[in-house]
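A short worksheet on the structure shown next.
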Amino acid sequence: MLDEQVRSVLERLEREDADERERGAAASERSRQVARTTGQFLFALVAPQVDCEVLEIGGSRGYSTVWLAAGVRHLGGRVLSLENDPAKAEAWRRTIADAGLEECAELLEGDAFETLERIDDVFDIVFLDAEKDDYERLFALARAKLEPGGLVVADNVLSHPDPLAQYSAARQADPSLSSVTVPLDRGLELSVILR
Ligand SMILES: C[S@@+](CC[C@H](N)C(=O)[O-])C[C@H]1O[C@@H](n2cnc3c(N)ncnc32)[C@H](O)[C@@H]1O
């Protein structure tokens with residue numbers, strides 16, 4: 001499923017994340033990457049799809065991007081990742097090169113509120129993993145890039161009920177969506193666009 005190159009990059013990032021947490025590094029200095037099982041879940045969502053176009057909002061050092069890009073590599077597709085922190089963006093490029101996934105993943109560096117305005121593409125899946133207070137506005141921008149059948153996956157809806165319980169409630173009350181909270185790791189809200 002995962003080749004040795006991908007596996008060793010994931011393991012390195014997991015070790016670095018564990019070290020940073022252990023020595024109490026500030027959140028802004030950490031990758032704040034998803035849990036391994038969330039990565040596996042993202043892989044499983046995209047790998048069965050043909051030509052799966054993924055938009056990731058909050059790429060950090062590329063840990064979740066590796067899972068998504070390794071997934072789309074099976075049946076075609078690509079991941080476009082948005083990241084505004086220059087140091088994280090540099091680390092993202094190194095991660096993707098080390099994993100041998102440059103043909104499946106691309107980084108757009110800058111503030112997602114600006115870069116999203118410049119993107120004309122239509123996506124199949126959006127992975128939302130940026131600042132929690134921005135989810136509502138980022139969801140609105142991302143939704144404009146999805147057609148019926150498209151999916152938004154938002155992380156941290158259980159680990160950060162303030163403010164994200166409101167995000168989940170709003171998605172679940174919207175009749176143009178089908179939305180469910182998946183209690184995996186920090187909590188994922190999966191919202192399918194119905195119309
Ligand atoms: C929780 S981390 C993402 C972790 C990543 N998805 C992973 O699992 O490896 C959130 C990232 O979003 C970035 N970010 C926050 N607000 C942003 C914005 N408006 N535009 C682009 N990136 C943003 C932060 O710099 C940070 O690296």
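Each row is one residue, and each column tells you yes or no for (1) at negative phi; (2) over 16 Å from the mean Cα position of the chain (by Cα); (3) polar (S, T, N, Q).
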{"site": "LEU10", "(1), (2), (3)": "yes, no, no"}
{"site": "ARG32", "(1), (2), (3)": "no, no, no"}
{"site": "GLN40", "(1), (2), (3)": "yes, no, yes"}
{"site": "LEU55", "(1), (2), (3)": "yes, no, no"}
{"site": "LEU75", "(1), (2), (3)": "yes, yes, no"}
{"site": "LEU80", "(1), (2), (3)": "yes, no, no"}
{"site": "CYS104", "(1), (2), (3)": "yes, no, no"}
{"site": "LEU107", "(1), (2), (3)": "yes, no, no"}
{"site": "ARG118", "(1), (2), (3)": "yes, yes, no"}
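Go through TRP92, TRP67 for me and flag whichever is among the aromatic types (Phe, Trp, Tyr), buried (at least 21 other Cβ atoms within 10 Å of the Cβ), part of a helix (DSSP H, G or I) and in contact (Cβ under 8 Å) with a residue 40 or more places away in the chain.
After applying the criteria, what remains is TRP67.
Take the residues of the stretch 109-127 that are of a type outside the set (Asp, Glu) and near the ligand (Cβ under 9 Å from one of its atoms): which is farthest from PRO148 (Cα to Cα)?
So the first thing to find is which residues in the stretch 109-127 are of a type outside the set (Asp, Glu), and the list is 110, 112-113, 115-116, 118-119, 122-123, 125-127.
Next, only the ones that are near the ligand (Cβ under 9 Å from one of its atoms) stay: 110, 112-113, 115-116, 127.
Numbers: GLY110: 28, ALA112: 23, PHE113: 23, THR115: 23, LEU116: 19, PHE127: 16 Å.
Once the filter is applied, the top-ranked residue is GLY110.
Which is away from the ligand (no atom under 12 Å from the Cβ) and either surrounded by fewer than 18 Cβ atoms within 10 Å (Cβ to Cβ) or among the basic types (Lys, Arg) (or both), of GLU53, GLU106, GLU14? Even if it seems obvious, please write down each step before you answer.
Values: GLU53 fails: either surrounded by fewer than 18 Cβ atoms within 10 Å (Cβ to Cβ) or among the basic types (Lys, Arg) (or both); GLU14 fails: away from the ligand (no atom under 12 Å from the Cβ).
The match here is GLU106.
What number of residues within the stretch 70-86 are within 9 Å of the ligand (Cβ to nearest atom) and in a helix (DSSP H, G or I)? I'd like the intermediate steps shown before the answer.
Step one: filter the stretch 70-86 for residues within 9 Å of the ligand (Cβ to nearest atom), giving 81-85.
Cutting the leftovers down to in a helix (DSSP H, G or I) gives us none.
Total meeting the criteria: 0.
When you go through (1) closer than 22 Å to GLU53 by Cα; (2) aliphatic (A, V, I, L, M); (3) touching a helix residue (DSSP H, G or I) at 6+ places or on another chain (Cβ under 8 Å) one by one for VAL122, which number turns out not to apply?
The one condition VAL122 does not meet is (3).
Tell me whether the stretch 157-167 contains one or more residues that are in contact with a helix residue (DSSP H, G or I) (Cβ under 8 Å, 6 or more places away or on another chain), in a strand (DSSP E or B), surrounded by 14 or more Cβ atoms within 10 Å (Cβ to Cβ) and not polar (S, T, N, Q).
no
Pairs under 8 Å by beta carbon, first residue more than 13 Å from ARG61 (Cβ to Cβ) and hydroxyl-bearing (Ser, Thr, Tyr) in the stretch 12-40, partner modelled with pLDDT of 95 or more and away from the ligand (no atom under 11 Å from the Cβ), six or more apart or different chains?
Short answer, once both residue conditions are applied: THR37/LEU184; THR38/LEU184; THR38/LEU188.
Given the conditions (1) touching a residue at least 24 places away in the same chain (Cβ under 8 Å); (2) over 17 Å from the mean Cα position of the chain (by Cα); (3) assigned to a helix (DSSP H, G or I), which single one is not true for GLU147?
Going through (1) touching a residue at least 24 places away in the same chain (Cβ under 8 Å); (2) over 17 Å from the mean Cα position of the chain (by Cα); (3) assigned to a helix (DSSP H, G or I) one by one, GLU147 breaks only (3).
Just for the stretch 30-50: of the residues that are β-branched (Val, Ile, Thr) and in contact with a helix residue (DSSP H, G or I) (Cβ under 6 Å, 6 or more places away or on another chain), which one is farthest from the ligand (Cβ to nearest atom)?
Initial filter on the stretch 30-50 (β-branched (Val, Ile, Thr)): 34, 37-38, 46, 50.
Keeping just the survivors that are in contact with a helix residue (DSSP H, G or I) (Cβ under 6 Å, 6 or more places away or on another chain) gives 34, 46.
Working: VAL34: 4, VAL46: 14 Å.
Across the stretch 30-50, the extreme among qualifying residues is VAL46.
The values are calculated or read from the model by the stated rules, or taken from the named source; none is laboratory data. What you are looking at is a predicted structure, and each value in this text was computed from that prediction instead of being measured. For neighbour counting, all protein chains shown are included, and Cβ atoms are generated from backbone atoms with ideal geometry for every residue, glycine included.
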